[in-house]
Amino acid sequence: GTPASDLLERYWQYGGEENLFNMVLALENEFYGTNHTLADPLPPGERPKIACVFSRPSEISSMSAIAEEGDIQARMNISVHLGRSNEDLSFDLSDRDVILLSNLDAGVIEAITATVTAARESGAVIISMGPLVQSYNLHTVSPESNESKRMEEYLEYPSEPNYRNLALYIGATFCNLTCEAADPETRPVYGIYHPYAPEIFSNVTAYLDWYAGTGRYDPAGPTVGIMTGDYKYFARDTPMIDALVDSFENRGVNVIVGTYHYKDPVNIGYFVENGTVLIDTAIVISKGSRLDYSDPDRGIENLKILDVPVLNAVRLFYDVNETTWRQSPHGVGPEQTYQLAAAELDGIIEPIVFAGKESDPVTGEPYYKPFEDQTAWLTDRAIGWINLHRTPNADKKVIIPYYCSEAGKAFVGADIDYYLDAQASLANLLAGMEERGYDLGGRAVPDADELADLMMEYGHNYGTWAYDELEACVQNGDVILIPESQYLAWFNELPADKQAEVRSVWGEPPGEIMVYDNGGERSLVIPTIRFGNVMLAPDPMSGWDQDNDVTYRDSSIPPTHQCIAFYLYMDRVYNADGIFSIFSAIPTMPGKESGLACTDWGAILSGDMPHIHVLPMDAEGIFDHRRANMAIVDFMTPTIVPSGLYGDFADLEDA
């Protein structure tokens, strides 16, 4: 009646004379108090060799645990390999009898093709799971076969019972072992999830009925949709999803968490009811692939149906945790920027890192830990887009910065390498905004020449050497004056390292650039050209031409005091609903290369204002996307043709 020890079980399960002899010795030790030296249980030598190559550490740990179980070891020899492009892929599979390849990326497949092919030529059974792996035609088991479909069911819901039964099924089906595999365990892996709901809902109507009954749902309020791939790795993924849900609901925003997966025909149906899109903004939890893995064009068409801004909530792959990310100058490291590129191909904007890998202190299993401050910033940015989406055009406040990186009138409008007639473009833009109901304050829309005159007169920045001109602008132009006391209050809210960084280059606040002194009361000056709720303003100077010492710095240059004041004023006082920039220096600010921290300058200056930026089509826009959270609107680069001669030059040619 005493339960057998694991050691006795293994001696019995492995069988053979040596194991049975050691089992007798173990029994004598147990019941007669002898002290025989015992050999380790020796698995049978002639067992089928099965290799599993997985892409997720959780799959590795689960199948590795199963492979060590006595009854499994007695029947088969399972090796488990992590198939990731940043891992050592030199393992040898050529002597395996069965190889299972599950959802690997192209680099991994190509790296192991030779050893898989060698095994196949020796008679091994090759099983491919996932469309990309299957496209390489390494398999000997048809993906359409009943056997493949059965194994897909085991893998659909990762759990130890399913992995154990997958091993038994492979052994019975392909290795002629006498064993029986139980049916796969199932639970919904697609649908709508909420951390406080009793189930995963298969349709949005049932979810909203439950949601309304909780008192959490306000049908008249804003709603964000959160798209995740599936719920296969529930314990791993739900901590980050739950943090997002709580963050939005605490701000009064309804939340619909739904899956988007190429195997699920519902796709965007979780965010649409009776043809009506229910969400104001969407957030895609980064997938490391296109939104629709099987048909990227279909994914783009589905996003067009939603017709809302879609933000990229970046979770860090490859066991990158919060500490590593915060210390890294890269942000999203070069080994995983592919996930940013894939999202950009789908038109998904604003890559914001919000979670990284940690190990559960109890189970040791990896999970995605949300970063509290980044989650809050992601929420702020999404709410900014929600407000822009829901606010009527007549009530929207828009700031339009244009190029004036150097002091004076010489270079006002657009950066020279944009090849953009900024004044004509802005005149057309203002006319278009008026047609669409934006409030221009009843002011007549200027043509390009009139707008150029306004910029030349008072709509530009002034050098520290031209104080009299700045004073005339304050007295006669349309300017915003930010009192020194107000700016100091904002400046003192900045992180201590950011304050020190600015002081080291630009001196004590408010500095010298664009500072007006009215009898001892100093103010930072922002020149503007206002049309009701639409404000044109020269983007703050970079400042390098105002201070010769800055030109020779061997490190990055932080924003000037005026630049900080400009963007904080637009966010906090003017309450801009959005920025539409002809030029902005934000992408050039110090900070992570991609996937900003909320304490980086790009994040501090942007605040929660959605930022739309124009770029010529020959500009790649990577910095603008990834270092300034800009949504890019491209324009055609003008065709360059011979200019010909004019005036005296033409006369000279004819002479």
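The values are calculated or read from the model by the stated rules, or taken from the named source; none is laboratory data. Not measured: the values here are computed from a predicted model. Every residue, glycine as well, gets a Cβ built from its backbone with ideal geometry; the counts of neighbours run over all protein chains shown.
Among the residues of this structure, Thr214 counts as one that is surrounded by fewer than 16 Cβ atoms within 10 Å (Cβ to Cβ), at negative phi and of a type outside the set (D, E, K, R).
If you go through the range 436-453 and keep only what is in a helix (DSSP H, G or I) and surrounded by fewer than 19 Cβ atoms within 10 Å (Cβ to Cβ), you end up with Ala448, Asp449, Glu450, Asp453.
Looking only at residues that are within 28 Å of Pro131 (Cα to Cα) and polar (S, T, N, Q) in the range 223-275, which one is farthest from the chain's Cα centre (by Cα)? For the range 223-275, the residue satisfying everything is Asn267. Selection of the range 461-516 for residues being among the aliphatic types (A, V, I, L, M), in a loop (DSSP other than H, G, I, E, B) and under 35 Å from the mean Cα position of the chain (by Cα) yields only Leu494.
Of all residues in the range 512-528, at least one satisfies being of a type in the set (Gly, Ala, Ser), surrounded by 14 or more Cβ atoms within 10 Å (Cβ to Cβ), modelled with pLDDT of 95 or more and under 26 Å from Ile400 (Cα atoms).
Close Cβ contacts (under 6 Å, 6 or more residues apart or on different chains) running from residues in the range 477-501 that are in the same structural domain as Leu605 (by TED's automatic domain parsing) to residues that are surrounded by 14 or more Cβ atoms within 10 Å (Cβ to Cβ) and part of a helix (DSSP H, G or I) comprise Ile482/Ala565; Ile482/Tyr569; Tyr487/Ala565; Trp490/Leu568. Close Cβ contacts (under 6 Å, 6 or more residues apart or on different chains) running from residues in the range 597-608 that are not assigned by TED's automatic domain parsing to the domain that holds Gly331 to residues that are among the aliphatic types (A, V, I, L, M) comprise Trp601/Met589; Gly602/Ile586; Gly602/Met589; Gly602/Leu596; Gly602/Ala628; Ala603/Leu596; Leu605/Ile586. Restricting the range 179-232 to residues that are of a type in the set (Asp, Glu) and outside the structural domain of Gly258 (by TED's automatic domain parsing) leaves a set whose member that is farthest from Leu388 (Cα to Cα) is Glu180. Can Asp218 be described as within 30 Å of the chain's Cα centre (by Cα), outside any helix (DSSP H, G or I) and not hydroxyl-bearing (Ser, Thr, Tyr)? Answer is yes for this residue.
Inclusion of Gly191 among residues that are in contact with a Lys or Arg (Cβ under 6 Å, 6 or more places away or on another chain) and either surrounded by fewer than 19 Cβ atoms within 10 Å (Cβ to Cβ) or of a type in the set (Gly, Ala, Ser) (or both) is not warranted. Looking across Ile300, Ile279, Ile305, one residue alone is at negative phi and buried (at least 21 other Cβ atoms within 10 Å of the Cβ). It is Ile279.
For the range 216-225, the count of residues that are farther than 22 Å from Thr379 by Cβ and out of contact with any Cys (no Cβ under 7 Å at 6 or more places or on another chain) is zero.
Taking the range 631-647 on its own, how many of its residues are of a type outside the set (Gly, Ala, Ser) and surrounded by 10 or more Cβ atoms within 10 Å (Cβ to Cβ)?
Within the range 631-647, residues that are of a type outside the set (Gly, Ala, Ser) and surrounded by 10 or more Cβ atoms within 10 Å (Cβ to Cβ) number 7.
Inclusion of Val320 among residues that are surrounded by fewer than 22 Cβ atoms within 10 Å (Cβ to Cβ), aliphatic (A, V, I, L, M), in contact with an Asp or Glu (Cβ under 8 Å, 6 or more places away or on another chain) and not in a helix (DSSP H, G or I) is not warranted.
This table checks each residue for (1) over 18 Å from His625 (Cβ atoms); (2) at pLDDT 95 or above; (3) of a type outside the set (S, T, N, Q).
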{"residue": "Asn267", "(1), (2), (3)": "yes, no, no"}
{"residue": "Glu273", "(1), (2), (3)": "yes, yes, yes"}
{"residue": "Ser286", "(1), (2), (3)": "no, no, no"}
{"residue": "Tyr293", "(1), (2), (3)": "yes, no, yes"}
{"residue": "Asp297", "(1), (2), (3)": "yes, yes, yes"}
{"residue": "Glu301", "(1), (2), (3)": "yes, yes, yes"}
{"residue": "Lys304", "(1), (2), (3)": "yes, yes, yes"}
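Can you tell me which residue within the range 406-417, out of those that are in contact with a Phe, Trp or Tyr (Cβ under 8 Å, 6 or more places away or on another chain) and not in a strand (DSSP E or B), is surrounded by the fewest Cβ atoms within 10 Å (Cβ to Cβ)? That would be Phe411.
When Val125, Val53, Val133 are screened for being under 30 Å from Thr178 (Cα atoms), buried (at least 19 other Cβ atoms within 10 Å of the Cβ) and touching a Phe, Trp or Tyr at 6+ places or on another chain (Cβ under 8 Å), only Val125 passes. Scanning the range 248-262 for residues that are surrounded by fewer than 21 Cβ atoms within 10 Å (Cβ to Cβ) and among the polar types (S, T, N, Q) yields a total of 1.
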